[in-house]
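The values are calculated or read from the model by the stated rules, or taken from the named source; none is laboratory data. All figures in this text were calculated on a predicted structure; none of them were measured in a lab. Counting neighbours? That spans all protein chains shown, and the Cβs are built from the backbone with ideal geometry, glycine included. Side chains included, ligands, DNA and RNA excluded: accessible areas come from the protein's heavy atoms. Shrake-Rupley method; radii C 1.70, N 1.55, O 1.52, S 1.80 Å.
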Amino acid sequence: MRPAKPFAAALAAAALAGCTTVASPRPGTVEYAAATVSRAYDCGLAVDRGRIIARLDRQDRQRFVAANAGYAVKSYKAPHRCEASERERIKGEIGALARR
């Protein structure tokens, strides 16, 4: 029975790793826009959230607001420091969302 314990421990570790992996939203979705806005706030970028919401379809606005609130809560645990490359990428995505 001795070999069963290490196997069970490895299996449990693999299962826990699967539980903690967070899938990011797919680009082009309302949830992705909300995550991008949240990350922009984390990076200290100016965001015209009202303009982004106004550009969304009427049925997507409530989903955006709900997703954005969820990401705002998660952002307290997220790193608040942005590298220059990430900051520029986020800045470009926010601009595209505002022009959409």
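Among the residues making up region 40-60, those that are open to solvent by 50 Å² or more (accessible area, probe 1.4 Å) and under 17 Å from the mean Cα position of the chain (by Cα) are Tyr41, Gly44, Arg49. Tell me which residues, restricted to region 23-40, are out of contact with any helix residue (DSSP H, G or I) (no Cβ under 8 Å at 6 or more places or on another chain) and in a helix (DSSP H, G or I). Of everything in region 23-40, just one residue is out of contact with any helix residue (DSSP H, G or I) (no Cβ under 8 Å at 6 or more places or on another chain) and in a helix (DSSP H, G or I), namely Tyr32. For Arg89, the conditions (1) touching a helix residue (DSSP H, G or I) at 6+ places or on another chain (Cβ under 8 Å); (2) open to solvent by 60 Å² or more (accessible area, probe 1.4 Å); (3) modelled with pLDDT of 90 or more all hold with the exception of (1).
Of the numbered criteria (1) at pLDDT below 90; (2) buried (at least 16 other Cβ atoms within 10 Å of the Cβ); (3) among the aliphatic types (A, V, I, L, M), the one Val37 fails is (1).
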